[in-house]
Amino acid sequence: MGTKQTKSDLPQGTLDLLILKIVALGPVHGYSIAQRLQQVSRDVVQVPQGSLYPALHRLENRGLLAAEWTQTQTGRDAKFYRLTRKGKAQLEMETASWRRLAGAVGLILRMTGAGAE
């Protein structure tokens, strides 16, 4: 079982957090969100359209994202998403929660037979 794992399945709810973070950097359309996640994560996070677009709709329905149709540089119409005030608050809350959890998991994974390192 020495195969190298190149991509990772995201824990439930993590995709929403990552989408909010990308959109917080400026208005962006769906395809660009997926591209940016893949680039920044060095190909570990690869989001299929079948997961991305339902997540975008869910975030929009919850009032965390707002969207409007705009023409892209290539002249095609695309739905551009931006973070709402409610989305910004959610991003801050979920980021803090994720950092607490990651820190706690890190402590547990560093345990040795004698307890924490």
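The values are calculated or read from the model by the stated rules, or taken from the named source; none is laboratory data. Keep in mind that what you see is a predicted model, and the values were worked out from it rather than measured. We place every Cβ from the backbone using ideal geometry, glycine too, and count neighbours over all the protein chains shown.
Which condition number does residue 45 fail, the rest of (1) under 21 Å from residue 12 (Cβ atoms); (2) at pLDDT 95 or above; (3) among the hydrophobic types (A, V, I, L, M, F, W, C) being met?
Checking residue 45 against (1) under 21 Å from residue 12 (Cβ atoms); (2) at pLDDT 95 or above; (3) among the hydrophobic types (A, V, I, L, M, F, W, C), the one that fails is (2).
Out of the residues in the stretch 57-102 that are within 14 Å of residue 28 (Cβ to Cβ) and acidic (Asp, Glu), state the one that is nearest to the chain's Cα centre (by Cα). Lay out the reasoning, then the answer.
So the first thing to find is which residues in the stretch 57-102 are within 14 Å of residue 28 (Cβ to Cβ), and the list is 59-60, 65-70, 72-73, 78-83, 87.
Subsequent filtering for residues that are acidic (Asp, Glu) retains 60, 68.
On the way: 60: 14, 68: 20 Å.
Ranking the qualifying residues of the stretch 57-102, first place goes to 60.
Please count how many residues of the stretch 52-109 are surrounded by 12 or more Cβ atoms within 10 Å (Cβ to Cβ) and either closer than 16 Å to residue 12 by Cα or not β-branched (Val, Ile, Thr) (or both).
31
Output the residues belonging to the stretch 83-108 that are touching a residue at least 12 places away in the same chain (Cβ under 8 Å) and assigned to a helix (DSSP H, G or I). Walk me through it before giving the result.
Going residue by residue through the stretch 83-108, those that are touching a residue at least 12 places away in the same chain (Cβ under 8 Å) are 83-84, 86-88, 90-91, 94-95, 98.
The answer is 86, 87, 88, 90, 91, 94, 95, 98.
If residue 33 meets every condition in (1) in contact (Cβ under 8 Å) with a residue 40 or more places away in the chain; (2) within 16 Å of residue 10 (Cα to Cα); (3) touching a Leu at 6+ places or on another chain (Cβ under 6 Å); (4) hydrophobic (A, V, I, L, M, F, W, C) apart from one, which number is that one?
(3)
Determine whether the stretch 1-17 contains at least one residue that is at pLDDT below 90, within 18 Å of the chain's Cα centre (by Cα) and among the charged types (D, E, K, R).
Yes: the stretch 1-17 contains one or more residues that are at pLDDT below 90, within 18 Å of the chain's Cα centre (by Cα) and among the charged types (D, E, K, R).
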